[in-house]
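Chemist: I am attaching a structure below and will ask some questions about it afterwards.
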């Protein structure tokens, strides 16, 4: 508890103080996006710690956003309630997707999440009467506490980061107890885990549902923050984006999620500003080239994330160290 | 309603022959290396766009097509050497993410090089469309179906009738035995990626006169090919080819009888259904691999 | 006579046309040490896979504590108290030695997803128990000094012991060990046999696949001999060793042990 608790407290203080140092509206928006991305990424990392990867995370993000936006806008329910309902409903959808696919080998599951993501995105565009089609939904109510609006960037900042830290704490707890050990065992070997009584399919399902709930929660917050949603931020490209955040931080490393979300969001801002100067003709998703290459490089050179990779590298470079005894069965 | 059916079937078979080629590319790589290559569709995109560019440089169509297939082969080989081979033996998850990264990278690079506008290729043999069984078939569709059948036939002859083909099949069955008789699995993996790239490029070039080519065509083609391969069980080449035609026909019928925009979603509903029907669970599969 | 803990009745598994296990029957009484021997490819590991639910049998039954468990999924079989190790070792490579062992406690611990997420006191308490149990088991196999090393960094023999420790903390009623002494030094093997005896005294029943005839003669109450998936002999070690069918079965390859 102690070291982890201290780390978390320090992080909370840093996050609480940040808006006083960097208070421009632009920076606050960036921080808020980082906060939302952190929540989604944490879900992916939970999933990753069981050896699973989802290419449909943006769809769950989108289901949370559209679900909450529609319920609050058209039925007039409180956004707080609708975020909770949309999150729970999305978790239910994930369960339905998981039933047929989680028992299959890794690549079938990945494929299914990819297909699911595309179906959801197609529906967002096609169900014009419900979703507003490609032009999206406007006039989504903002969040309020006791009559006070949280629409302002700074107020929302504290909300999203409070929730992101809570999400981090929960994920940290899950991975550091019996459940987390079972997940890591599944990652190591499903056969080995099953031989010790770990109900492999049940754990995979739980963590998949949790990851969808994380994404949906962030999506709901997003909808009531930006107050306008359209299908494009929930496409396959967004799923790639979340995946690379998780991979940069280390697909099984909870704290890496925060790092990955921050690094990639900032990198994205830089790329968006700089690349058009070099390649004036491009529009759309040219960044995917950079992210794709980054993804490949990280998986080859730092499969456990940049942070841990750098640490390992440091350990290798350190001149003299306690050599771990290898070989020779004492 | 029914009057539309022959036309829809013809369209389905045309596009299905393309999916069959791509599915075959998947099966080839999966069979030999156990890797699901998410970048398979991008090979089609590259073949088509390179060919369109060469044509714009006033090369004859046949020359342009051959060069672009060759160029895509090189790219397939590079993909294997630079991205896949360094991670050989890693967790399957790692390899899945890598090929997904490659596909995203290729698509993004294509966008930078070619922009977002569609490119066209002329029909191989221009002329009025043929009328067949109450539907019309553009001449290029005959090319697509014919070439696909020819390529599939040639591949089967190679794998069933020739010694190197048999060697590759043996490797797919048992990598260890393969090393024993002096065939390097790494070389076979390189060959599989190269050949799959060629299959993808051919598919992309043949279909472009009908559909046009854009930087993002690879995603759709690749995923449909995927679904076809999965319908066929992923390890079974003839079944993957049948799966390709099936996906093409389903998609065509869905486009004809439902709102066109939903056609893409239908294919994936089919995929989810197929996955649902998969019998073999992970554990049993893993155990069998171990045994 | 006490009721057997495990009964295998006419168990058969065919892969394609080949019978990997062909009509094998045997029973293991509580606290008995049964060893399974046989030439390579005799179907010993497949027998384990069938008993533990990793491979569904073609026909026949597995009965445990009087209940039919044939075809039950592997995690449930383990949950019921039948724990196995693997011939070619399954170690969770990326985690530490002690965490590997802690996974073994999964069967009898209860913390669920929500309790873990909220780090409820019960979860924290249980965690402490699990860690202590794991450390004790590591001490038992002589690996306490390596508890916090990465499991993949252990040499093969120690990984074998690690797997045994992990199986122990599961508190099995029936422990199936697949070649537990392969890769161990003579001293380590001896130590392991002593450990098996001690656990038997505590109430554990063993079925052990073993190639090392010293170990078999030393530890086994009863020996079952498989050849081409069929049981060709069964009895006390000395009797089996003299059985002409067994000797014939082993003539094809080197006779194991001295």
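The values are calculated or read from the model by the stated rules, or taken from the named source; none is laboratory data. Predicted model only: the values in this text are computed from it and were never measured. Note: ideal-geometry Cβ built from the backbone for every residue, glycine included; neighbour counts use all protein chains shown.
Chemist: Out of A:243, A:236, A:294, A:263, report the one residue that is under 12 Å from the mean Cα position of the chain (by Cα) and at negative phi.
Modeler: The conditions single out A:243.
Chemist: Which of (1) touching a strand residue (DSSP E or B) at 6+ places or on another chain (Cβ under 7 Å); (2) within 19 Å of residue A:177 (Cα to Cα); (3) more than 9 Å from every other protein chain (Cβ to nearest Cβ) does residue C:176 not meet, given it meets every other one?
Modeler: Among (1) touching a strand residue (DSSP E or B) at 6+ places or on another chain (Cβ under 7 Å); (2) within 19 Å of residue A:177 (Cα to Cα); (3) more than 9 Å from every other protein chain (Cβ to nearest Cβ), residue C:176 violates only (2).
Chemist: Taking residue C:195 as the residue in question, decide whether it is more than 9 Å from chain A (Cβ to nearest Cβ) and surrounded by fewer than 22 Cβ atoms within 10 Å (Cβ to Cβ).
Modeler: Against the criterion (more than 9 Å from chain A (Cβ to nearest Cβ) and surrounded by fewer than 22 Cβ atoms within 10 Å (Cβ to Cβ)), residue C:195 qualifies.
Chemist: Restrict the check to the range C:167-174 and report whether at least one residue is assigned to a strand (DSSP E or B) and within 22 Å of residue C:90 (Cα to Cα).
Modeler: First pass over the range C:167-174, keeping only residues assigned to a strand (DSSP E or B): C:174.
Still in the list and also within 22 Å of residue C:90 (Cα to Cα): C:174.
Yes; the residues of the range C:167-174 include at least one that is assigned to a strand (DSSP E or B) and within 22 Å of residue C:90 (Cα to Cα).
Chemist: Any idea which of (1) within 30 Å of residue A:186 (Cβ to Cβ); (2) part of a helix (DSSP H, G or I); (3) without any contact (Cβ under 8 Å) to a residue 60 or more places away in the chain; (4) more than 10 Å from chain A (Cβ to nearest Cβ) is the one residue B:70 doesn't satisfy?
Modeler: (1)
Chemist: Here's a follow-up. Give the residues of the range C:126-141 that are surrounded by fewer than 16 Cβ atoms within 10 Å (Cβ to Cβ) and within 22 Å of the chain's Cα centre (by Cα), sorted by residue number.
Modeler: To start, the set of residues in the range C:126-141 that are surrounded by fewer than 16 Cβ atoms within 10 Å (Cβ to Cβ) comprises C:128-129, C:132, C:136, C:139.
Once the filter is applied, which keeps residues that are surrounded by fewer than 16 Cβ atoms within 10 Å (Cβ to Cβ) and within 22 Å of the chain's Cα centre (by Cα), the range C:126-141 yields C:136, C:139.
Chemist: Would you say residue B:101 is at the interface with chain A (Cβ under 7 Å from one of its Cβ atoms) and either under 14 Å from residue B:29 (Cβ atoms) or in a helix (DSSP H, G or I) (or both)?
Modeler: yes
Chemist: Looking at residue A:303, is it out of contact with any strand residue (DSSP E or B) (no Cβ under 9 Å at 6 or more places or on another chain), within 13 Å of chain B (Cβ to nearest Cβ), outside any helix (DSSP H, G or I) and surrounded by fewer than 24 Cβ atoms within 10 Å (Cβ to Cβ)?
Modeler: Considered against the rule, which asks whether it is out of contact with any strand residue (DSSP E or B) (no Cβ under 9 Å at 6 or more places or on another chain), within 13 Å of chain B (Cβ to nearest Cβ), outside any helix (DSSP H, G or I) and surrounded by fewer than 24 Cβ atoms within 10 Å (Cβ to Cβ), residue A:303 comes out as yes.
Chemist: Let me ask something else. Would you be able to tell me the number of residues in the range C:143-155 that are out of contact with any helix residue (DSSP H, G or I) (no Cβ under 7 Å at 6 or more places or on another chain) and closer than 16 Å to residue C:191 by Cβ?
Modeler: 2
Chemist: Right, here's the next one. Filter the range B:107-120 down to residues that are touching a helix residue (DSSP H, G or I) at 6+ places or on another chain (Cβ under 8 Å) and within 7 Å of another protein chain (Cβ to nearest Cβ), then give me how many there are.
Modeler: Going through the range B:107-120 one residue at a time, the tally reaches 5.
Chemist: Quick check on my filter: what residues within the range C:99-116 are within 15 Å of residue A:196 (Cβ to Cβ), in contact with a helix residue (DSSP H, G or I) (Cβ under 7 Å, 6 or more places away or on another chain) and part of a helix (DSSP H, G or I)?
Modeler: C:99, C:100, C:101, C:102, C:103, C:104, C:105, C:106, C:107
Chemist: Of A:127, A:102, A:123, which residue is surrounded by fewer than 18 Cβ atoms within 10 Å (Cβ to Cβ) and within 10 Å of chain B (Cβ to nearest Cβ)?
Modeler: Values: A:102 fails: surrounded by fewer than 18 Cβ atoms within 10 Å (Cβ to Cβ); A:123 fails: surrounded by fewer than 18 Cβ atoms within 10 Å (Cβ to Cβ).
None of the other options fit; the residue is A:127.
Chemist: Of all residues in the range B:186-235, which are on the phi > 0 side of the Ramachandran plot and surrounded by 20 or more Cβ atoms within 10 Å (Cβ to Cβ)?
Modeler: The one that is on the phi > 0 side of the Ramachandran plot and surrounded by 20 or more Cβ atoms within 10 Å (Cβ to Cβ): B:234.
Chemist: Taking the conditions exactly as written (in the same structural domain as residue C:42 (by the TED database), surrounded by fewer than 21 Cβ atoms within 10 Å (Cβ to Cβ) and over 30 Å from residue C:247 (Cβ atoms)), does residue C:201 satisfy them or not? Before you say what the answer is, go through the steps one by one.
Modeler: On the way: in the same structural domain as residue C:42 (by the TED database): yes; surrounded by fewer than 21 Cβ atoms within 10 Å (Cβ to Cβ): yes; over 30 Å from residue C:247 (Cβ atoms): yes.
Here the answer is yes, as residue C:201 does meet what is asked.
Chemist: Consider residue A:269 carefully, then state whether it is within 13 Å of chain B (Cβ to nearest Cβ), modelled with pLDDT under 90 and closer than 30 Å to residue A:67 by Cβ.
Modeler: Working: within 13 Å of chain B (Cβ to nearest Cβ): no; modelled with pLDDT under 90: yes; closer than 30 Å to residue A:67 by Cβ: yes.
Judged against the criteria, residue A:269 is not a match.
Chemist: Would you call residue B:79 in contact (Cβ under 8 Å) with a residue 12 or more places away in the chain, part of a helix (DSSP H, G or I) and more than 7 Å from every other protein chain (Cβ to nearest Cβ)? Walk me through it before giving the result.
Modeler: Values: in contact (Cβ under 8 Å) with a residue 12 or more places away in the chain: yes; part of a helix (DSSP H, G or I): yes; more than 7 Å from every other protein chain (Cβ to nearest Cβ): yes.
It is true that residue B:79 is in contact (Cβ under 8 Å) with a residue 12 or more places away in the chain, part of a helix (DSSP H, G or I) and more than 7 Å from every other protein chain (Cβ to nearest Cβ).
Chemist: Out of the residues in the range A:173-184 meeting the condition of being farther than 15 Å from residue A:47 by Cβ and assigned to a helix (DSSP H, G or I), tell me which one is farthest from the other protein chains (Cβ to nearest Cβ). Step through it out loud before you land on a result.
Modeler: Within the range A:173-184, the subset farther than 15 Å from residue A:47 by Cβ is A:173, A:176-178, A:181.
Next, only the ones that are assigned to a helix (DSSP H, G or I) stay: A:173, A:176, A:178, A:181.
Working: A:173: 4, A:176: 8, A:178: 4, A:181: 5 Å.
The residue in question is A:176.
Chemist: Can you go through C:116, C:165 and tell me which one is at pLDDT below 90 and crowded, with 22+ Cβ neighbours inside 10 Å?
Modeler: C:116
Chemist: Does residue B:106 fit the bill of being touching a residue at least 24 places away in the same chain (Cβ under 8 Å), surrounded by 16 or more Cβ atoms within 10 Å (Cβ to Cβ) and assigned to a loop (DSSP other than H, G, I, E, B)?
Modeler: No; evaluated as a whole, the condition is false for this residue.
Chemist: Within the range C:100-137, track down each residue that is facing chain A (nearest Cβ under 9 Å) and touching a residue at least 40 places away in the same chain (Cβ under 8 Å).
Modeler: Passing the criteria: C:100, C:102, C:103, C:104, C:105, C:106, C:107, C:108.
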